[in-house]
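Participant: Please see the structure below; I have some questions.
Nothing in this text is a laboratory measurement; each read-out follows from the coordinates by a stated rule. Quick caveat, the model's predicted, so the values are computed rather than measured. In this analysis, Cβ positions are derived from the backbone assuming ideal geometry, glycine residues included, and neighbour counts consider all displayed protein chains.
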Amino acid sequence: MSQPIREKKVIVADPREYRTRVDLRTEILRRSTIFRCLDTEQVAEIAPCATFHRFLRNEFVFHQGDPASFLYIVASGKVKQFKQSLSGKSFTTAILSSGDTLNAVALYGSPAFFVSAQAMNETTLLRITRAEFLAFVGKYPIVTERLVALLGRVLNSAWERLTDFVGEMVCQRIFNVLYMLHGKFGDAVPITKEELADMVGTTTETAIRVLGKLKKLGVIASGRGQIRILNKAKLGSVSRRSYVIRQQESNPEGIGTAPESPS
């Protein structure tokens, strides 16, 4: 749903901070998911076009429906991408970290971003204008090939999550999302209970109940703004096969006894 463009408070890093480190932008771009297919000399060609922008926690980078005028790459911090329905309900599509791009596919022909992007903590992004990015990939089409490959993985993940929504109980969706996030972030998953609930399409209260069960089983521990995975094998075992579900009136989330780890 298109929303009016809002003024966004963007804190731009003091240029003097980076003037003495002219290779910093090249280094960050070289590590990004779409430019790592190029060598350092090639990436250095577009590095001067990139500018640093800092966002505070909960600040929006862009809103769904804003003009897709820039390529954004996460230099540090974490960004949440989400889609908003006509009724105003939000659905988190991805949590992005260093090296990830924000809705980059929108730069290919779409006038507007498909999703909203919001900083989850203090975040620094590199920003390149759409025109400069498209001119660069015109010279190095392998970047577009890389982006298409990444898009394929994103679409596959979206289909898997859609399948979860149609055929899985809430608890199974939580297991699957936690396991997916563990693969990206490691043992310390930077997500709150509220954000996890958004990702799986349930209420915060239900997510808390399911996480409480996992804590009792020794699979996770929760902290401020993060969930720690204590037993990857057991989480993997319940996320890769059907969960033992007890259909009881008092157990609407389908929380049963988790199967023992294969190990």
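Participant: Could you calculate the FRET efficiency of THR51 with ARG31 from 1/(1 + (r/R0)^6), where r is the beta carbon distance between them and R0 is 30 Å, rounded to 0.05?
Facilitator: Taking R0 as 30 Å, the efficiency between THR51 and ARG31 is 0.95.
Participant: Per 0.36 nm of contour for each residue apart, how much would the distance between LEU155 and SER98 grow if the chain were fully extended, relative to their Cα-Cα spacing?
Facilitator: Between LEU155 and SER98, full extension yields 18.5 nm more.
Participant: For LEU230 and GLU41, FRET efficiency with R0 = 51 Å and r from the beta-carbon atoms, rounded to 0.05?
Facilitator: 0.70
Participant: Rg/Rh for the stretch 168-240 to two decimals, with Rh computed the Kirkwood way over all alpha-carbon pairs.
Facilitator: Taking Rh as the inverse mean 1/r over Cα pairs, Rg/Rh reads 0.90.
Participant: Considering only Cα-Cα distances, which of the following residue pairs are longer than 21 Å: LYS83/LYS139; LYS80/LYS193; LYS80/LYS215; LYS80/LYS213; LYS89/LYS213; LYS184/LYS216?
Facilitator: Going by Cα-Cα distance, LYS83/LYS139; LYS80/LYS215; LYS80/LYS213; LYS89/LYS213; LYS184/LYS216 fall outside the 21 Å limit.
Participant: Let me ask something else. Using the Kirkwood radius over Cα pairs, work out the Stokes-Einstein diffusion coefficient for the stretch 15-154 at 25 °C and 0.890 mPa s, in µm²/s as a whole number.
Facilitator: Roughly 160 µm²/s, to the nearest whole number.
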